[in-house]
Amino acid sequence: MYTLLIVQLAVSGALMGMVYALIAYGFQLTFATSKSINFGQGELVMLSALFSLTLIDTGLPYWLVVPGGMLFGVVLGLFVERAGVRLALEQKSEGWILLTIILGLLGFSAAENIWGRDDRPFPTPIPSDPVHIFGIDVTPLELSVAIGVLAVMGLVELFKRKTLLGKAFEAVSADRDAAQLMGISATRTIQLSYGLSGLVAALAGILVAPITTVGPTMASVLILKAFSVAVVAGLDSGFGVVLIGLFLGALESLTSFYLGSGWREAPGLVLLILALAVRPNGVFGKASIRKV
Amino acid sequence: MLTIDNLHAGYGTSEVLVGVSLEVKAGSVVALIGANGAGKTTTMRAISGMLRPNEGRVLLDGKPVQQFDASRIARLGLAHSPEGRKVFGPLTVEDNLLLGAFGRLPRFFGFRTRAAADLAGVYELFPRLQERRLQAAGTLSGGEQQMLAIGRALMAKPKVMLLDEPSMGLAPVIVQEVFNTIRRLKEAGITLLLVEQFAKSALEVADYAYVMDRGRIAIEGTPAHLAEDERVLAAYLG
């Protein structure tokens, strides 16, 4: 019975870890093309979830709310690229760090003013009564998170491998100057990566919302974990973030069981520190070769 | 086909090019030679838009392009195979080639069928690339990467091709192969601007040549004419 409980905890935790993985994947997408990430991504997750909640309030069916919320995420992603990142990249400065943080803060204020400070439940038609699989209780809600995450990551990877635009995306990641010489606009590709990043982040918000409730601070902890996962896995391995996400989710769940829920956030931070000390390029990251 | 008029360009405050003018006529091979640091590669970069010129004009097929972004100049029909080859290492050989034709292929689906004939043409020119078509480009040898870089530029069906130091870092046998390839490109009627350190070999294939010195064109003429010029002889053809 005891081992079963451990497995149970690990599985529930791992399924939550998929959300970290998806947000981390969003970081990878923009980092690949532009070597920049949106430090306000947590606010993007939160705003998309709140927007989706408003869509639900208007009576829109769930299957329309999901794409609606994701579309909103794309718009936010494009806005961040246009209003923050591009200005800095054009001047070859690192100003995108501060600019994306500022945009995130603005988003946070906007959320507090528009939707209020309270956490609210996020209704979903997906049932939360557990079903038994191999002796473990899993709720369809948790499963929907895993399926949603894997589906959207699979689709983006398919896009990158099978379409010419996707290959162009990879080309910009590999060598931006050479890609430009092929007629591929780096600016447009970076824009695309921010749109996609917004899309996956919004989906992460929508998937996790029924479990965590929705409010302006819903993503502040989530985003820290996603950072940890992205850094520990390495900023160029989509496969890596899923594994590390699952691992961290399970680890957190077990930590809070053994040490108390107050220690829940510790494993992510410890992993982050360890990764930065031992493998700065990430467990699955390629060592970056600098030509001199 | 390509006219450069009084081009000034540089990095930061230091100006490398101080008024370069040259012309590449349709169907001709033009060689650009000169000592290290004379500004050959900078000229190429300023033409293709990798570096925005401070002054002067670049006319591609009569159209001024000097203020355009590199990707836009490429889509207008200029293929620049840069110094150091710059193939997309993690991508397969075939993907590299397909991306060469990015400007004229459908973005999502059906690009393979559309590019099939041109791909076959490149594979005919470089059978080695076909053997390795599914291999990551980064795993190819230097010579093969150079073939890939040329093939990738050919895929664009460019009006003008810029070839920067195709023999750089290659073994003598492979260098010979590269020049054979350039000869075949010439026979195929490709308009080519070639930067080369092997001035002698470059002059053998070129229809016309420019010699650069300290950011400007010092001497120009047909290879036969240059080969008699004592300054060229002394400096480059030894």
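The values are calculated or read from the model by the stated rules, or taken from the named source; none is laboratory data. Note that the structure is predicted; figures quoted are calculated from it, not measured. As a convention, Cβ positions derive from the backbone with ideal geometry for all residues, glycine included, and neighbour counts pool all protein chains shown. Just the protein is used for accessible areas: all its heavy atoms, side chains included, with ligands, DNA and RNA removed. Shrake-Rupley method; radii C 1.70, N 1.55, O 1.52, S 1.80 Å.
Take the accessible area of chain B alone and of chain A alone, subtract that of the pair, and you get about 2100 Å² summed over both chains, using a 1.4 Å probe.
Plainly put, chain A has a radius of gyration that is 0.97 times its Kirkwood radius, both from alpha-carbon atoms, as the Rg/Rh ratio.
If exposed trypsin sites (Lys or Arg not before Pro) are those in a DSSP loop with at most 15 other Cβ within 10 Å, what is the longest stretch of chain A that has none? Walk me through the intermediate numbers first.
Details: sites that count: A:Lys35, A:Lys92, A:Arg117, A:Lys286, A:Arg290, A:Lys291.
Free of exposed loop sites, the longest segment is A:118-285.
The distance between label points at A:Ile102 and A:Val270 comes to 3.9 nm (points 7 Å beyond Cα on the Cα→Cβ vector).
Accessible area of chain B with a 1.4 Å probe: how many percent of it is carbon plus sulfur?
Working: 5140 of 10190 Å².
Answer for chain B: carbon and sulfur cover 50 percent of the accessible area.
For the stretch A:1-149, the spherically averaged projection of the C-alpha convex hull amounts to 10.9 nm².
Counting only whole DSSP H helices of chain B, the ones at least 15 Å long by C-alpha along their axis and with mean Kyte-Doolittle hydropathy no lower than -1.0 are B:111-125, B:142-155, B:172-187. Of the residues A:Ser261, A:Met16, B:Gly121, the one whose Cα sits farthest toward the positive end of the charge dipole of the protein assembly as shown, with +1 on the Cβ of Lys and Arg and -1 on the Cβ of Asp and Glu, is B:Gly121. Entry comment: accessible area of the protein assembly as shown is 44 Å² per residue, from protein heavy atoms only and a probe of 1.4 Å.
Taking every eigenvalue of the Cα gyration tensor of the protein assembly as shown, multiplying by 5 and rooting it, what semi-axes result, largest first, whole Å? Display every interim value, and only then the final one.
Details: eigenvalues 576, 107, 82 Å².
Its equivalent ellipsoid spans semi-axes of 54, 23, 20 Å.
Compute the distance from the alpha-carbon center of the stretch A:119-141 to that of the stretch B:99-135, in whole Å. One Cα centre to the other: 48 Å. Assuming charge only on the beta carbon of Lys and Arg (+1) and of Asp and Glu (-1), the dipole of chain A about its Cα centre is about 980 debye to the nearest 20. The chymotrypsin sites (Phe, Trp or Tyr not before Pro) found in the stretch A:85-183 that occupy coil by DSSP, while having at most 15 further C-beta atoms within 10 Å, are A:Phe134.
A straight line joining the Cα centroids of the stretch B:203-238 and the stretch B:16-36 runs 11 Å. Extending 7 Å from Cα along the Cβ direction at A:Ile126 and again at A:Ala110 yields two label points whose distance is 2.6 nm.
For chain A, the longest principal axis of the Cα atoms and the long axis of helix A:41-57 meet at an angle of about 60 degrees. Label positions at B:Ala136 and B:Ala26, each projected 7 Å from the Cα along the C-beta direction, are separated by 4.3 nm. For the stretch B:96-125, a decrease in accessible area of 20 Å² or greater in the assembled protein chains relative to the isolated chain, with a 1.4 Å probe, applies to B:Leu99, B:Phe102, B:Arg107, B:Phe108, B:Phe109, B:Phe111. Which residues in the stretch B:73-95 have a backbone N closer than 19 Å to a point placed 7 Å from the Cα of A:Phe239 along the Cα-to-Cβ line? So the set is B:89-93. In this structure, the pairs whose alpha-carbon distance is over 26 Å, taken from B:Lys25/B:Lys200; A:Lys160/B:Lys159; B:Lys63/B:Lys200, are A:Lys160/B:Lys159; B:Lys63/B:Lys200.
Relative to the longest principal axis of chain A, what angle (0 to 90°, nearest 10) does the C-alpha long axis of helix A:96-115 take? Tilt relative to chain A: about 40 degrees. Computed about the Cα centre, the dipole magnitude for the stretch A:58-149 is approximately 360 debye when only Lys and Arg (+1) and Asp and Glu (-1) carry charge, each at its Cβ.
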